[in-house]
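A short write-up of the structure that comes next.
The values are calculated or read from the model by the stated rules, or taken from the named source; none is laboratory data. Since we're looking at a predicted model, the values are computed, not measured. For neighbour counting, all protein chains shown are included, and Cβ atoms are generated from backbone atoms with ideal geometry for every residue, glycine included.
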Amino acid sequence: MTGKWMKNLLIYAFLGFGAFLILVPLYICIITTFKTEAESAISFFTLPKSFYLNNYIEILENPKLYYAFGNTLLVAGVSLACNFVIMPAMSFAVSRSMQDSKYFRVLYYFLLIGIFIPFQVRMMPLVKLMSGLGILNQRGLIILYIAQATCESVFLYVGFLATVNKNLEEAAYIDGANTFQTYLKVVLPLMKPIIATVMIREGLAYWNDFMLPLITLNRSWKSWTLTIFQYNFQSEFSVDYSLSFACFVIASLPIVIFYIIMQKQIIGGLTSGAVKE
Amino acid sequence: MKRGWFCQLHAIGRVGINMRNTKNKHSLLNDKKLTYGLFVLPGFAMYCCFFILPIVLGIYYSMTDWNGISPTYNFTGLTNYIKIFADKGFRKVLGFNIKYTVLLVAGTTCLGIFLALLLNSKIKGRSIFRTLYFFPAVLSMLTVSLIFNQIFYRIIPVLGAAVGSKTFSSNILANKNLAMYGILFVHIWQGVALPTLLFLAGLQTIPEELYEAASLDGANVIQKFRYITISYLLPTLSVVLVLTLKSGLMVFDYIKSLTEGGPGGATQSIALMIYNHGFVQNKYSYSIAEAIVTGVIIAGVSAIQIKFTERKKVQ
């Protein structure tokens, strides 16, 4: 009994230390935003003497923030919606034809090649290609995000579909359903856990992406996303770091709130569907 | 009895399909082929145009001397590649990046497994810990590095001076020998969250009875870990290794916002070098060739690593 007690104590000690390491930077970031420039220069860890709100007011009065928020929401939302319509259906088709059709087998590996190719290979030609097509804007970014998510989505969906029993589908065919109906009514509901996993992964990636918006949207501030807004804000006000911290807090707030509300589903979704072999 | 138009339509459709099915089996097969084709088409088209095409274009440009701006350029064959292999700068950057990646992969995997084991133990409040430990993955890499940049710059030196440590009393990101470890700390701080969760998922696939049976057979803790835990975690390990490897060899956001490759080029990573060559120094085609060489290295190492874990899995 004492052995078990000791073991739990050790576990708490390690987990507590890790939690401390995770929380301290966040704590510093948040309390700094409520300090004046002068106060933040002398004390890092103490709570602010008076809740100084001007940092937040200054950022919230900045019209660029609202454009950035709207753009990020639009790009991430539409990309996710398109991913949801296109990828599970494609993976279903690939997964169910792979055994019989050589073409689909080749297609599967063709869709996976991208996993090993670093982004930098595509980066420069991509900018040329998109400016040639006149889509260096939010619409273009959405298209890029969908194309870019293909490898990982197909890899995860096909892997999951291999573990799904085909009896239900065959029963649907016998009952007279066509392929589309079978997919929509039988297969898609079964794919829920893995869809949640992919959506969460891609959603976080879209929301937090820095590189692609940097090379496609960094022209007019009306097309900035939140990360570009933060980056440019930081370079503009690098001296006043209470202000830049306030900017980080506001820019991260939507995704943090989303995480806190959805934490059960997110952790559950990622742990149940993540690796199924 | 009045039925909605949708139900009626649906019923008619079903009868139609049933009739078709009884007529011949070929119509179902055709229906399958047609639907599968339609399902694949949009995604395939986008993937080809906006993923594969840029790669093909990149391979072509890498064999020219284009600077990315001028209207004309010459085809130069493999000149860029030959230049890369003769380039001492590239070898130095590659050396740094490999060292960085090895430390990152080792750190992330060990810490990830360790944390997953802790988070999988039956203790009170473990769901709170799980939520907290995944939290860093929710933030953007940019935000995290900008916060740590300020912490390294303004806070750590003061603490270091207070405890009388000479190494920590100045900004470690400005120290040639320590800057890499500063970046690694930030990278692992955020990067370990997802692998931890993946390992946790892997741990949950291990049947409890296996451990009990092993205990009855007199296996100790280390043997149980080696023969049961690790062998069940191998598929996850394979995924985590590939992901971390790629994130290490292609590290960009952290280095760009923490050190910009400094001090004195001590933390220059491959991705940063490619970015600088391509966008700042106008060595457009050369930078693509560098990216392709790196891509081949990543693909090669990943393939070897997957082969290795596959063989282990069989045993």
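Tabulated values for the structure
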{"read-out": "The lone exception for A:ASN137 - which of (1) in contact (Cβ under 8 Å) with a residue 12 or more places away in the chain; (2) over 20 Å from A:LYS222 (Cα atoms); (3) polar (S, T, N, Q) it fails", "value": "(2)"}
{"read-out": "Residue in region B:207-222 that is under 23 Å from the mean Cα position of the chain (by Cα) and assigned to a helix (DSSP H, G or I) present", "value": "no"}
{"read-out": "Count of region A:161-185 residues which are under 12 Å from A:ALA89 (Cα atoms) and aliphatic (A, V, I, L, M)", "value": "2"}
{"read-out": "Filter result for A:GLY176 (touching a Lys or Arg at 6+ places or on another chain (Cβ under 7 Å), surrounded by 15 or more Cβ atoms within 10 Å (Cβ to Cβ), of a type outside the set (Lys, Arg) and not in a helix (DSSP H, G or I))", "value": "yes"}
{"read-out": "Residue count for region B:159-195, restricted to those that are more than 10 Å from every other protein chain (Cβ to nearest Cβ) and not in a helix (DSSP H, G or I)", "value": "10"}
{"read-out": "Leading residue by the ranking (nearest to B:PHE85 (Cα to Cα)) among those in region B:286-312 that are within 9 Å of chain A (Cβ to nearest Cβ) and touching a residue at least 24 places away in the same chain (Cβ under 8 Å)", "value": "B:GLU290"}
{"read-out": "Unmet criterion (only one of (1) within 9 Å of chain B (Cβ to nearest Cβ); (2) crowded, with 16+ Cβ neighbours inside 10 Å) for A:ILE113", "value": "(2)"}
{"read-out": "Residues located in region B:191-249, provided they are charged (D, E, K, R) and either farther than 22 Å from A:PHE116 by Cβ or not assigned by TED's automatic domain parsing to the domain that holds B:GLY112 (or both)", "value": "B:GLU208, B:GLU209, B:GLU212, B:ASP217, B:LYS224, B:ARG226"}
{"read-out": "Selection status of B:LEU233, assigned to a helix (DSSP H, G or I), more than 11 Å from chain A (Cβ to nearest Cβ) and buried (at least 20 other Cβ atoms within 10 Å of the Cβ)", "value": "no"}
{"read-out": "Selected residue (criterion: farthest from the other protein chains (Cβ to nearest Cβ)) from residues of region B:257-285 that are free of Cβ contacts under 8 Å to residues at least 40 places away in the same chain and under 20 Å from the mean Cα position of the chain (by Cα)", "value": "B:LEU272"}
{"read-out": "Helices (runs of 4 or more DSSP H) wholly inside region B:76-143 that include at least 1 residues being free of Cβ contacts under 8 Å to residues at least 40 places away in the same chain and either surrounded by 20 or more Cβ atoms within 10 Å (Cβ to Cβ) or within 14 Å of chain A (Cβ to nearest Cβ) (or both)", "value": "B:88-120, B:126-134"}
{"read-out": "Test for A:ASN165: is it away from every other protein chain (no Cβ under 11 Å), modelled with pLDDT under 85 and surrounded by fewer than 19 Cβ atoms within 10 Å (Cβ to Cβ)", "value": "yes"}
{"read-out": "Among residues of region A:52-94, those that are more than 10 Å from chain B (Cβ to nearest Cβ) and over 16 Å from the mean Cα position of the chain (by Cα), counted", "value": "18"}
{"read-out": "Residues satisfying the stated conditions in region A:218-229, i.e. crowded, with 23+ Cβ neighbours inside 10 Å and either under 18 Å from A:ILE57 (Cα atoms) or of a type outside the set (Val, Ile, Thr) (or both)", "value": "A:TRP224, A:LEU226, A:PHE229"}
{"read-out": "Residue among A:ILE194, A:ILE200 that alone is under 17 Å from the mean Cα position of the chain (by Cα), part of a helix (DSSP H, G or I), within 11 Å of chain B (Cβ to nearest Cβ) and not small (Gly, Ala, Ser)", "value": "A:ILE200"}
